[in-house]
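What follows draws every value from the coordinates through simple rules; no lab data is involved. Quick caveat, the model's predicted, so the values are computed rather than measured. Glycine also receives a Cβ, built like all others from the backbone with ideal geometry; neighbour counts cover every protein chain displayed.
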Amino acid sequence: MRQLPPRLLSSGGLTIVFATSLLLLADGQPGRDIDLFNNELCIVAPATPYDPAAGQPMYAPRPVPAAARCPVCGMYPARYPRWAAQTIFKDGAAHYFDSPINLFDFLHKVSHYDRRYTLDDVAVSYVRDLESGRWIEAGQAHFVHGSTITGPMRTADLPAFASRTAADAFARQHRGTVLTAADMTPRLLASLSRNSQHRH
């Protein structure tokens with residue numbers, strides 16, 4: 001165990017001294033100093049297990065639990081219902097996302113975000129139709145890239161639509177290009193994501 005130097009915080013003439021002892025297990029090397037103010041530790045919650053008592057088919061889309069956190073960015077998808085997405089694994093467990101960007105980022109790197117699964121374990125993924133709120137399979141949806149409408153991260157996102165007609169109409173009104181799931185390359189997602197600062 002390595003003792004870090006005391007940190008002094010002064011406010012209104014009051015000085016508070018923190019003496020912190022930490023054991024860091026990073027890269028297999030204990031005892032390395034941590035800069036508590038510049039480093040983040042992201043802990044990904046496990047996938048939500050399937051509950052047969054809920055009365056839903058195992059691979060049907062589910063309501064987003066209020067306590068569920070996005071495994072990519074840590075936000076609460078239930079707070080952004082128009083943008084929410086979900087992926088369901090073959091064992092019935094599910095992860096929920098606050099935006100289609102994070103869903104696709106997850107699908108490109110499943111084991112990076114949840115070591116219990118790989119892409120082969122994914123049964124189905126859903127996104128929300130921006131207009132109706134209806135769940136649609138991600139592979140059947142149409143997405144608008146580069147519109148003036150911002151998503152949960154307050155940046156350009158990928159609003160989803162059940163039909164190409166609706167996506168085209170949205171793009172005409174708010175600008176952007178209509179894409180499909182096949183267009184979601186890692187390079188495109190990297191240009192849209194604000195999650196590079198999170199370490200998993």
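So the values come out like this:
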quantity: The stretch 52-192: mean projected area of Cα convex hull, nm²; calculated: 8.1
quantity: Spacing of the two label points (7 Å from each Cα toward its C-beta) at residue 45 and residue 60, in nm; calculated: 2.3
